[in-house]
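Take a look at the structure below.
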Amino acid sequence: MQKIFVAVIGCGPAGLMAAETLARAGFNVHCFDAMPSVGRKFLMAGKSGLNLSHAETLENFLQRYGDARPRLEAAIRAFPPDDLRAWAAGLGIATFVGSSGRIFPEGMKAAPLLRAWRARLRELGVRFHMRHRWQGWQGEQLLFDTPEGKCSFNAAAVLLALGGASWSKLGSDGAWAQTLAEEAILLAPFRPANCGFDVDWSDHFRARCAGFPVKTVSAACAGFPPRRGDFVITEHGIEGSLIYALSAPLRDAIERDGVAKLTLDLLPDVAQEGLNAELSRPRGRDSFANHLRRRAGLTGVKTQLLHECLPPEVLRDAAQLATHIKHLELPIQRPRPLDEALSTAGGVSFSALNESLMLQQIPGVFCAGEMLDWEAPTGGYLLTACLATGRAAGMGVVGWLCQVPGSAGVPAGGFKIFRAEPNPPAGTPALPETANLADP
Ligand SMILES: Cc1cc2nc3c(=O)[nH]c(=O)nc-3n(C[C@H](O)[C@H](O)[C@H](O)COP(=O)(O)OP(=O)(O)OC[C@H]3O[C@@H](n4cnc5c(N)ncnc54)[C@H](O)[C@@H]3O)c2cc1C
């Protein structure tokens, strides 16, 4: 008897985790992706050190998901960071906790993990169809564009894990939103998350400072508590881990007020009174830059930032200067374009889904990963939620298919039918895999 055919569309971490869950449950899993190979964004994430998760308490971990916590909590509790580490270990990939609590694979790269994962999926019988761009439905069938032309498949259930709408060159272009909008699925507009911002630098500052890091500062915005870290001056403005951590409140403030202010403390370990006293000492023959270096320890880009943001009369006044070193206001113009963001907010609204992550309007179609409407800071929270929702949606498919005897039926009111073919006519060839995967 041929096993029930389940289609997983989108082969990023969420889709691959769903495929693993479904294959382990005994289903005939076929994975489709528009790109020539799986997990391209995942591989890119590994270029700068693959941050899989975070080792803080689960309560603190869950808080990082803000408003989306209630909708993600069950999936993450069912696959918490410890389970993620055990899963990676099962693939032969040891993980470690960095000094900041972040969890990385040994070697920091994504490729070894992806290679081992893909091999495991193949052992479980998962088949892959690369260069298959999902276009929606034609009647009951899933419709794909391929280099050889259009093709379609019937599936008992479908799991969409199509990613967000950034880094489109890696496959996550968000074009699927139009397809789902045509099916009247409720979607939240895409918004950049974990992104850089534009600042109107002077030509002088840009030429001198673009590409330089600003290290060990504290930054705050719009009532958000100050955070310590580093960021980078860019041609257009600012980016880097500290900015990504504040990108949601900065973005929201810009949407609300048209502009946002980032308040920087350039010397977070120095008290303002002491700084004032030091800067008030006579300068003698020292240049301003030397005075700042000797009295306050400020050099390089930090000094340039003061020149960029403050008028000369403030720079000359020790008390005012000390105040601004501790509270330097940087006007932020706008987020960088959506495609540059590390991740995107928006996508399929949770109110369009039931608790198993199935689209209420299209029974048998489940969604997982970044395509759902949630956001979180970098720090492993993105990948953990993608893997956890991939697993949860996979379990949702298993539950749904098991509850409908013999085949996937259509609950009353559903308008899309996915036919299971548990007993195909004798001699029906198994669906072949359409492309071999290149090693990541
Ligand atoms: C530079 C960078 C660094 C990052 N670093 C980290 C990090 O260290 N830690 C962390 O937690 N997160 C990180 N992220 C974010 C993380 O990579 C993503 O959140 C995660 O990959 C999303 O997983 P996903 O499976 O939901 O979607 P994706 O990984 O985006 O996969 C979606 C898949 O769907 C396919 N697809 C889309 N549309 C179609 C279609 N119509 N038909 C067929 N296939 C389609 C795409 O080709 C793609 O393969 C980083 C992101 C970037 C860009």
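Quick notes on this structure:
- Net charge dipole, region 197-335: roughly 520 debye, given to the nearest 20, about the Cα centre with Cβ charges of +1 for Lys and Arg and -1 for Asp and Glu.
- Put simply, the amide H of residue 165, placed in the peptide plane, has neighbours under 5 Å in 344, leaving out anything fewer than 5 places away on its chain.
- Derived value for region 197-335: Kirkwood hydrodynamic radius 15.4 Å. Basis is the mean of 1/r over every pair of different alpha-carbon atoms.
- Taken one residue at a time, the phi angles of region 145-154 give Karplus couplings (6.51, -1.76, 1.60, θ = phi - 60°) of 9, 10, x, 8, x, 7, 8, 9, 9, 9 Hz. Gly and Pro are set to x.
- Rounded to the nearest 0.05, the FRET efficiency derived from the C-beta distance between residue 203 and residue 403 at R0 = 51 Å is 0.20.
- Using θ = phi - 60° in the Karplus curve 6.51 cos²θ - 1.76 cosθ + 1.60, the 3J(HN,Hα) couplings for region 172-183 round to 8, 9, x, 5, 4, 4, 4, 4, 6, 4, 5, 8 Hz; x is entered for Gly and Pro.
- Simple spin-label estimate for residue 59 and residue 285 in nanometres, 7 Å along Cα-Cβ: 6.2
- Each residue, residue 77 and residue 257, gets one label point 7 Å from its Cα in the Cβ direction; the gap between the two is 3.7 nm.
- Reciprocal mean inverse distance between Cα atoms of the chain - Kirkwood radius, Å: 23.8
- Unsatisfied cross-links (Cα-Cα over 25 Å) in the set 47/326; 169/302; 109/150; 47/169: 47/326; 169/302; 109/150
- Once the Cα-Cα distance is subtracted from the 0.36 nm per residue extended length, the residue 319 to residue 116 segment shows a gain of 67.1 nm.
- Rounded to the nearest 20 debye, the dipole size of region 269-348 about its Cα centre is 360 debye, using +1 on the Cβ of Lys and Arg and -1 on the Cβ of Asp and Glu.
- Peptide packing for 58-66, 355-363 was compared via the average number of neighbouring C-beta atoms within 10 Å per residue; ordered from the highest value, the list is 355-363, 58-66.
- Backbone HN-Hα couplings from phi across region 352-358 [Karplus 6.51/-1.76/1.60, Hz, Gly and Pro as x]: 7, 10, 8, 5, 8, 6, 9
- Label-reachable residues, region 354-397, where backbone N falls under 16 Å from a point 7 Å from residue 124's Cα toward its Cβ: 368-369, 386-397
- In a simple Cβ point-charge model (Lys, Arg +1; Asp, Glu -1; nothing else charged), the chain has a dipole of about 900 debye relative to its Cα centre.
All of the numbers you see were taken from the coordinates with simple rules; none came from a lab. This is a predicted model, so every value here is computed, not measured. FYI the Cβ positions are ideal-geometry reconstructions off the backbone, even for glycines, and counts take in every protein chain you see.
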